[in-house]
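Peer 1: Supplied in structure tokens, the structure appears directly below.
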Amino acid sequence: MLRWLALAVLASCGHPAPAPTEPGGTHATPPPPDAAGPKTLDDDLPRLAERSVALYEELAKVLGPPPSTDCAAVAQKLDKIATDNADVLAANAKVLHAGHDKIQQLKNAIEPHQDALDAAAKVISESQTMKTCAEDPAFAKAIDRLLGES
């Protein structure tokens, strides 16, 4: 299955354009590739901020109104969110362990999204589903996973 996924990703990538030619038919020297490679999510704080806010908005949709008493179903949805956003959770944990400067940089990256984050946090904190399912072991485990506890 992983091979098929890798093939699908490669097939969807564009191929680089040929190097432009200079007058006289010689090829221009292409710029050197980025030696550092693509940024990891914990180094691309604007992207991490966007993805983190999207994760909270997704949590708010699952936990928000209407309330649910089917804690097992909610736990499954939360587990899916955690699986789908494992890179976001790992990057946030890395930033939190990196120290004050990196945390401040992430806070600055989140600032443009603060209203959306606050709205999602309000829905989550007032969630009747959270209150109803707090003692359910599967639900508690899923919440802990999302908070980086396990």
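Peer 1: Please compute the Cα-Cα pair-distance distribution of segment 39-146 with 5 Å bins starting at 0, giving whole percents from short to long.
Peer 2: Here the calculated profile for segment 39-146 is 2, 13, 21, 22, 18, 13, 8, 3, 0.
Peer 1: Give Lys61/Lys141; Lys77/Lys102; Lys102/Lys131; Lys80/Lys102; Lys77/Lys141; Lys39/Lys94 a once-over and call out the pairs whose C-alpha atoms are over 24 Å from each other.
Peer 2: Working: Lys61/Lys141 19 Å; Lys77/Lys102 31 Å; Lys102/Lys131 33 Å; Lys80/Lys102 28 Å; Lys77/Lys141 12 Å; Lys39/Lys94 14 Å.
Check vs 24 Å cut-off fails for Lys77/Lys102; Lys102/Lys131; Lys80/Lys102.
Bear in mind these aren't lab numbers, they're just calculated from the coordinates by the rules spelled out. Remember, it's a predicted structure, so these values are computed and weren't measured experimentally.
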